[in-house]
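Asker: One structure is given below, represented as structure tokens, and several questions about it will come after.
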Amino acid sequence: MHSDGILTPTTKPAVRERYGAVGGTAQTVVRSTAKAMSFDRSEYDERVTTDVISTAHEALFGSLLEVTVGTAEEFDRWCDEHDHEVELIGNESVDNVVFHPVEFESVVVGATYQQKERAAIETLRRHVFGKYYRPVIQSDD
């Protein structure tokens, strides 16, 4: 098994803290990208909206979530050793699984794949972010 990514927030406050910490980076990435596209000041102001920066912020945070990559047997063993509800995306009859435990929900989400590891990782990250992390980030708690 190996992992990809660096963020593993275990509580809702930690999710909000880590999300906030990458906000400045997201703005820098958007600003640098706009500069590379030769946006002048008025085009930047017109096209780089709050929604654009928010999308970059979400994508950056999601892309940093730590995902474990392993075989189906390794995933099953991890599940046996942890008391988490299991949510599995994909076909149960394939050899490999990427997974991410959402500790504050006691859920582990896995995505199966046969050959395209990178695609499975990104699919899992998008799913986990949208279903579990975005609601925490958007809530007022």
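Asker: So if I place +1 on the C-beta of Lys and Arg and -1 on the C-beta of Asp and Glu, and nothing else carries charge, what would the dipole magnitude of the chain be about its Cα centre? I want it in debye, nearest 20.
Answerer: Value, rounded to 20: 740 debye.
Asker: Still on this model: Scan the chain and note any complete DSSP helix (H) whose C-alpha atoms cover at least 18 Å along its axis and whose Kyte-Doolittle average is 0.0 or more.
Answerer: Values: long enough: 23-36 (20 Å, -0.13); 50-63 (19 Å, 0.38).
Membrane-span-like by this rule: 50-63.
Asker: Then there's this: How many angstrom lie between the Cα centre of region 121-135 and the Cα centre of region 16-48?
Answerer: 22
Asker: Still on this structure, I have one more. In straight Cα distance, which aspartates and glutamates are under 13 Å from K116, not counting same-chain residues fewer than 8 positions off?
Answerer: Hits, sequence-local ones excluded: D95.
Asker: Ok, one more. Give me the one-decimal nm value for the distance between modelled label points at V94 and T50, 7 Å along each residue's Cα-to-Cβ direction.
Answerer: Each label point lies 7 Å from its Cα, and together they span 3.9 nm.
Asker: Would you mind ranking S32, S63 so that the residue whose beta carbon has the fewest other beta carbons within 10 Å leads the list?
Answerer: S32, S63
Asker: In straight Cα distance, which aspartates and glutamates are under 20 Å from K12, not counting same-chain residues fewer than 8 positions off?
Answerer: Candidates past the 8-residue exclusion: E58, E66, D83, E85, E87, E103, E105, D140, D141.
Asker: For region 95-141, just say rounded, prolate or oblate: build the C-alpha gyration tensor, square-root its eigenvalues into a ≥ b ≥ c, call rounded for a/c under 1.5, and beyond that prolate if a/b exceeds b/c, oblate if not.
Answerer: Because a/c hits 1.5 or more and a/b fails to exceed b/c, region 95-141 counts as oblate.
Asker: Specify whether the C-alpha gyration tensor of region 21-90 places it in the rounded, prolate or oblate class, a ≥ b ≥ c being the square roots of the eigenvalues: rounded for a/c under 1.5, otherwise prolate if a/b is larger than b/c and oblate if not.
Answerer: prolate
Asker: Next up: Using per-residue counts of other Cβ atoms within 10 Å, averaged over each peptide, order 37-46, 95-104, 22-31, 127-136 from highest down. Present the calculation step by step, with values, prior to reporting the outcome.
Answerer: Working: 37-46: 10.3, 95-104: 21.1, 22-31: 15.2, 127-136: 17.2.
Most protected by this proxy first, the peptides run 95-104, 127-136, 22-31, 37-46.
Asker: Under the rule of -39500 (n - 2.57) per DSSP H run of 4 or more residues, summed and divided by the residues of the chain, what mean residue ellipticity at 222 nm is obtained, to the nearest 500 deg cm²/dmol?
Answerer: Using -39500 (n - 2.57) per qualifying helix, the result is -15000 deg cm²/dmol.
Asker: Now for a separate question. Name the shape class, rounded, prolate or oblate, that the alpha-carbon gyration tensor gives for region 23-62, where a ≥ b ≥ c are the square roots of its eigenvalues, rounded holds for a/c under 1.5, and otherwise prolate holds if a/b is larger than b/c and oblate otherwise.
Answerer: Taking the square roots of the gyration eigenvalues as a ≥ b ≥ c, region 23-62 is prolate.
Coordinate-derived values only; no laboratory data. What you see is a predicted model; the values in this text were computed from it and never measured. All Cβ positions, glycine included, derive from the backbone under ideal geometry; neighbour counts span all protein chains shown.
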